[in-house]
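All remarks here apply to the structure that follows.
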Amino acid sequence: MAERDLAKVEVASSNLAARSKEVNMQLKDIRYFFRDIKKGVENLIIWFPVIWKDRWWDHWFFYVILHKKLSLMEENIRKYGNHVNSKKDADKIKICTILVKRLMDDNYHKIAMKQHDKKWGESEFNFIDTDDPELKELKITYESVKTEEDEKNRARDFKRGMANMDQLMNQDLDMLFSLLRKNIQTWWD
């Protein structure tokens, strides 16, 4: 009889432990539920201005969202990162945010054409009347272009500048997406 009572006590104790564990899990779930609501509201506040301004027609808006996400990740990993390479990961993410910012600012034309403008002067836009009163012809002139030969050389320099512009932008794109491809799976906290 004592063995049966002992077995009943063990079963009851086991059931109590399982029930206690279940209650603890439910309490934990409730804590996570409220924590998740708080974090969700924080995310809505943080992301609202970005999403409000988002439009679907241009790569620039993609860059804005990517910049925001990377900035938040970099800040979080730098501040709270507890894995071995968290500082290095935050630094890599920072490089990505800088590259995205450069793509957003889109100053490649200005940088690439600096030599062209220095050599040929600033462009001046002139609208000339045509036979059709509804239309105007755009003529772009440069103060240092005096002859046809100058114009050929300027056009050649312009093409070089435009190629340089594409090269600079593609270099930033390649570096950004190469860093993302190599590292994004390891950026966690």
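Here the spin labels are modelled as points 7 Å beyond Cα on the Cα-Cβ line, and at ILE128 and ILE98 they lie 4.7 nm apart. Helical content alone sets the calculated 222 nm signal of the chain at -26500 deg cm²/dmol, taking -39,500 (n - 2.57) per DSSP H segment of four or more residues and averaging over every residue.
In the chain, the alpha-carbon atoms span a convex hull of 207 Å³ per residue.
Counted without the sites themselves, the longest stretch of the chain free of GluC sites (Glu not before Pro) in a DSSP loop having at most 14 other beta carbon atoms within 10 Å is 1-121. For the pair ASN82 and LYS39, label points projected 7 Å from Cα toward Cβ lie 1.3 nm apart.
Length available on full extension from ASN170 to LYS119: 0.36 nm per residue minus the Cα-Cα distance, which gives 15.8 nm. The trypsin sites (Lys or Arg not before Pro) of region 50-136 meeting both criteria, a DSSP state outside H, G, I, E and B (loop) and at most 10 other C-beta atoms within 10 angstrom of the site's C-beta, are ARG55. Among the chymotrypsin sites (Phe, Trp or Tyr not before Pro) in region 149-189, those located in a DSSP loop and surrounded by at most 16 other Cβ atoms within 10 Å of their own Cβ are TRP188. The share of Cα pairs per 5 Å bin across region 99-144, counted from zero up to the longest distance, runs 5, 18, 14, 15, 14, 14, 11, 7, 2, 0 percent. Relative to the longest principal axis of the Cα atoms of the chain, the long axis of helix 59-80 lies at roughly 40 degrees. Modelled label positions at ILE46 and LYS21, each set 7 Å beyond Cα in the direction of Cβ, lie 3.5 nm from each other. Placing R0 at 25 angstrom, the Cβ-Cβ distance between ASP106 and THR147 gives a FRET efficiency of 0.15 after rounding to 0.05.
Working note: Karplus 6.51/-1.76/1.60 with θ = phi - 60° gives region 155-170 the couplings 4, 5, 5, 5, 4, 4, x, 5, 5, 5, 4, 4, 5, 4, 5, 5 Hz, where Gly and Pro are set to x.
FYI, it's all coordinate maths here, none of it is from the lab. Computed from a prediction, not measured in an experiment: that's the story for all the values here. For neighbour counting, all protein chains shown are included, and Cβ atoms are generated from backbone atoms with ideal geometry for every residue, glycine included.
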